Amino acid sequence: MGSNFRRIGKLASISSKNQSWSRGFSSTVERSDQLSPSKSVNLFSAINQALHIALDSDPRSYVFGEDVGFGGVFRCTTGLADRFGKQRVFNTPLCEQGIVGFAIGLAAMDNRAIAEIQFADYIFPAFDQIVNEAAKFRYRSGNQFNCGGLTIRAPYGAVGHGGHYHSQSPESFFCHVPGIKVVIPRSPQQAKGLLLSSIRDPNPVVFFEPKLLYRMAVEEVPEDDYMLPLSEAEVLREGTDITLVGWGAQLSIMEQACVEAAKEGISCELIDLKTLIPWDKETVEASVKKTGRLLVSHEAPVTGGFGAEISASIAERCFTRLEAPVARVCGLDTPFPLVFEPFYLPTKNKILDAIKSSVNY
Amino acid sequence: MALSTSRRAINQFIKPLSSSVYATRRLTSDSTATITVETSLPFTAHNIDPPSRSITTSPNELMTFFSDMAEMRRMEIAADSLYKAKLIRGFCHLYDGQEAVAVGMESAITRKDCIITAYRDHCIFLGRGGTLLESFAELMGRKEGCSRGKGGSMHFYKKEGGFYGGHGIVGAQVPLGIGLAFAQKYSKEEYVTFAMYGDGAANQGQLFEALNMAALWDLPAILVCENNHYGMGTAEWRAAKSPAYYKRGDYVPGLKVDGMDVFAVKQACKFAKEHALKNGPIILEMDTYRYHGHSMSDPGSTYRTRDEISGVRQERDPIERIRKLILAHDIATEKELKDIEKEKRKIVDEAIAKAKESPMPDPSELFTNVYVKGFGVEACGADRKEVRATLP
Ligand SMILES: Cc1ncc(C[n+]2csc(CCOP(=O)(O)OP(=O)(O)O)c2C)c(N)n1
Ligand SMILES: [Mg+2]
């Protein structure tokens, strides 16, 4: 292993706050140095690029999980084993608890352990390792040990016909655990920058990838090494009447609702939270203080979803400024259904209805 | 990037059919007369004396085996087409190639014995007395499905048949099976549970936890490892330090069984049931093969060679084995067997047509069975006030 510490990514700042919304839900990455070449790629390729860079820029980084040596079910790890060798990119047996426990140990020896859980639905056998081992290692050892180099990647969310065990959005379970970070990107460009930040962040991170967008979302992604800041939300669309907060694949649905609402004269501000814990309360608070209304939307069931936390915090911070109760448009309180997926999901029309009733409250 | 092919020789999967298929007597008409057959291969045993290779059967049983396996095969082929026509959604895992395990196991036990398995569950369900209509309706998410259209391919169940399903999380069903076995033992009924899992699942920690509990409490549990040699694209040797799954129980005895030979499966299951009732758990490793890819999104040809697949089809196919036996004993003619297969095709098509007529479940079913009826939650509309319903 040659030393390969060059090209450590620079933190890129995002400039879309003052930018008019064009189409899709992309954002612009502005870099302090000159523009690097970029290519139009989909989300799984952007993840793949980030993993290439992570392995290339740090010889102490490893990628492993079920079938990742072959490229993984979603092709995110294609070519990595060929390029970096089977010592650093390898298949594990089918044993999620073992995979994550192993990753924590690896990370505890100052390595970057990038573990893949094939679907977020299968992260639960590893739940104990994440909650009791990874999250508390630093705290309970009085900072002697940590597994900050740990990043767990897992595809999450609905895909149209995934059924009970290929569709779930389990992010809120992990948001209840101080000591880990939870990050969810909305687009290819975001995915690459946020994943690199997550891998290099000195805390364990659970990184959920919207699998619906792996192939569907395509945008210009800079080819070089860049990072996007964690715990910084982004205003994707400015508005004055109501604030909408979401993350991941749900943002494109919310964006469509914003467009529809605009036709009826309602001006929506749309925020991508990106990091769920620790989350950027200030950006959301500032927005709600301006608009006086808040709507949160996610695919996970409404009860105990992360939307509940956002609602409560904003109610505490903005009580006197709120002109309507906080609205939550989320998945229903049922298991993720097979044939009834369209009923279950927080669709554009449900969001639009909620926007209107909030504005007319 | 193609998955590289197993470095094991193809031959590993292909063992001769002919040597073991012999008859002691020739029979023609008497459907209950006894025929003695020998299993294709000897059993390999771990910590136990293996059962005899020699088994008595009858023309009746041979015909039933043929007919049952032909029906399963046809059902899976039809499910493949329905999936491609987008009439089946969700994830769908087919069983063709492994039929002898379902049929042989069923023939050795009763419906009071329990079976619990993973997501490759269609044929086990049929074996437990499920119907083609219930299967296809479930696959297509219709009301008449065995789980009322709410489960789909991975979640078939049949309570009256002692079939506890149909589980999506790899390995999770095995400890459940141990719980079933405890309940059986506690009620002092002489029944057992067959907890099935794959070679991939064999590496999950839960399996070892289950095994220890079962052995500790002498439970009538039979752990059936359906070793089809791949867990998705991963060949067994890539994932397991010891792919001798029948030995993995260490203190728990095990048998390695030719899972492509319905008689070997039957003999092993009968033996295992007797053992489990007296002495507690045992592992049966069924050496089998899936012809289809892992699920419908896997063509099944990137991590193994076409020669390997066609080699197994030619040398070890469970249906062909029985066909040869039937012909060798003059129990039926080749034409009669073809006619049975044609008939299966017909009843499968009829079941599909009927399943298609079955309506989708009522939208209110989205909310039922989350909790016991009457203990339901409330669903709210977007305004959280006007549209509010207490769920059934
Ligand atoms: C806990 C968990 N991890 C991963 C998966 C995804 N997955 C489904 S089936 C499978 C392979 C299982 O192989 P095996 O146990 O050999 O059974 P087979 O499919 O061959 O019948 C994997 C990795 C899952 N369903 N559950
Ligand atoms: Mg297998």
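Each value in this text was obtained by applying a stated rule to the coordinates, not by laboratory testing. All values reported here derive from a predicted model rather than from experimental measurement. Don't worry about glycine lacking a Cβ; one is built from the backbone with ideal geometry, like all the others, and counts go over all protein chains shown.
Cβ-to-Cβ counts within 10 Å put A:F336, B:F194 in ascending order as A:F336, B:F194, the fewest first. Considering all C-alpha pairs of the range A:234-360, those separated by over 21 Å amount to 32%.
A full extension of the chain between A:S267 and A:N360 corresponds to an added length of 32.2 nm, given 0.36 nm per residue minus the alpha carbon distance.
Net charge in the neighbourhood of A:V63 (other residues with Cβ under 10 Å of its Cβ; Lys, Arg +1, Asp, Glu -1) is +2. By definition, a body whose alpha carbon gyration tensor gives a ≥ b ≥ c is prolate when a/c is 1.5 or more and a/b is larger than b/c, and the protein assembly as shown fits this prolate description. Taken residue by residue and averaged, Cβ atoms of other chains lying within 10 Å of the Cβ of B:167-173 number 4. Can you give me the relative contact order of chain B as a percent, contacts being Cα pairs under 8 Å and 6 or more apart? Reported relative contact order: 22 percent. Per residue, the average separation of C-alpha pairs within less than 8 Å and at least 6 apart gives chain A a relative contact order of 17 percent.
Packing here is the average count of other Cβ atoms within 10 Å per residue, and on that basis the peptides A:217-226, A:65-74, A:256-265, highest first, run A:65-74, A:217-226, A:256-265. Counting Lys and Arg as +1 and Asp and Glu as -1 over every other residue whose Cβ lies under 12 Å from the Cβ of B:K241, the net charge comes to +2. Take each residue of peptide A:87-99, count the partner chain Cβ atoms within 10 Å of its Cβ, and average: the result is 4. The helix-based estimate of mean residue ellipticity at 222 nm for the protein assembly as shown, built from -39,500 (n - 2.57) per DSSP H run of four or more residues and divided by its residue count, is -10500 deg cm²/dmol to the nearest 500. With the simple model of a label 7 Å out from the Cα in the direction of the Cβ, B:E190 to B:K278 spans 1.2 nm. Annotation note: GluC sites (Glu not before Pro) in the range B:150-254 located in DSSP loop regions with a Cβ neighbour count of at most 10 within 10 Å are B:E160. Candidate cross-link partners of A:K263 among the aspartates and glutamates, defined by an alpha-carbon separation under 19 Å and a same-chain spacing of 8 or more, comprise A:E238, A:D241, A:E255, A:D353. Taking the average, over residues, of other Cβ atoms within 10 Å as the packing measure, peptides A:286-294, B:338-346, B:41-49, A:268-276 rank A:268-276, A:286-294, B:41-49, B:338-346 from highest down.
For B:K338, a cut-off of 24 angstrom between C-alpha atoms picks up these lysines, skipping any fewer than 8 places away in its own chain: B:K324, B:K346.
Each of A:S357, A:S297 was scored by other Cβ atoms within 10 Å of its Cβ. Listed from fewest to most, they are A:S357, A:S297. Of the residues A:I351, A:G305, A:G292, the one whose Cα sits farthest toward the positive end of the charge dipole of the range A:234-360, with +1 on the Cβ of Lys and Arg and -1 on the Cβ of Asp and Glu, is A:G292. Listed here are the pairs A:K86/A:K181; B:K270/B:K344; B:K112/B:K158; which of them are more than 19 Å apart at the Cα? Listed pairs above 19 Å: A:K86/A:K181; B:K270/B:K344. The residue list A:G105, A:I152, A:G69 was ranked by how far each Cα lies along the charge dipole of chain A toward its positive end, using unit charges on Cβ atoms, and A:G105 comes out on top. Starting from the Cα of A:K39, draw a straight line to each of the aspartates and glutamates and keep only those under 13 Å, dropping any in the same chain fewer than 8 residues away. Here the aspartates and glutamates satisfying the reach criterion relative to A:K39 are A:E219, A:E220, A:E223, A:D224. A Förster distance of 56 Å, applied to the separation of the beta-carbon atoms of B:T32 and A:F145, puts the FRET efficiency at 0.20. Taking Lys and Arg as +1 and Asp and Glu as -1, the other residues whose beta-carbon sits under 11 Å from that of B:K158 total -1. Within the range B:302-334, find all residues whose amide N lies under 20 Å from a label point positioned 7 Å from the Cα of A:D82 along Cα-to-beta-carbon. Within reach of a label on A:D82, which here means backbone N under 20 Å from a point 7 Å along Cα→Cβ, the range B:302-334 contributes B:302-305.
Available extension along the chain between B:W237 and B:N369 is 43.4 nm, counting 0.36 nm per residue and deducting the alpha carbon span.
Would you give the gap between the C-alpha center of the range B:51-105 and the C-alpha center of the range B:114-152, rounded to a whole Å? Computed from Cα coordinates, the inter-centre distance equals 14 Å. Rounded to the nearest 20 debye, the dipole magnitude of the range B:33-360 is 760 debye, with +1 charges on Lys and Arg beta carbons, -1 on Asp and Glu beta carbons, and the Cα centre as origin. Considering every alpha-carbon pair of chain B, the percent of pairs per 20 Å bin, from zero through the bin containing the longest distance, is 27, 57, 14, 1. On the basis of the beta-carbon distance and an R0 of 22 Å, B:K143 and B:D80 show a calculated FRET efficiency of 0.40. A simple spin-label model places the labels of B:K342 and A:S38 6.5 nm from each other, with each point 7 Å out along Cα-to-Cβ. Per residue, the convex hull around the alpha carbon atoms of the range B:54-151 comes to 106 Å³. Most tightly packed first, judged by the mean number of other beta-carbon atoms within 10 Å of their residues, the peptides A:245-254, A:129-138, B:355-364 read A:245-254, A:129-138, B:355-364. Find the centroid of the Cα atoms in the range A:109-180 and in the range B:175-252, then give the distance between the two in whole Å. So the two Cα centres are separated by 27 Å. FRET efficiency for A:N349 and B:K112, Cβ-Cβ distance as r, R0 = 35 Å, nearest 0.05? According to the calculation, E is roughly 0.10.
Inter-chain Cβ neighbour count for A:335-345, averaged per residue, equals 5 (cutoff 10 Å, partner chain atoms only).
Taking the Cα centre of chain A as reference, the dipole from Cβ charges on Lys and Arg (+1) and Asp and Glu (-1) amounts to some 420 debye.
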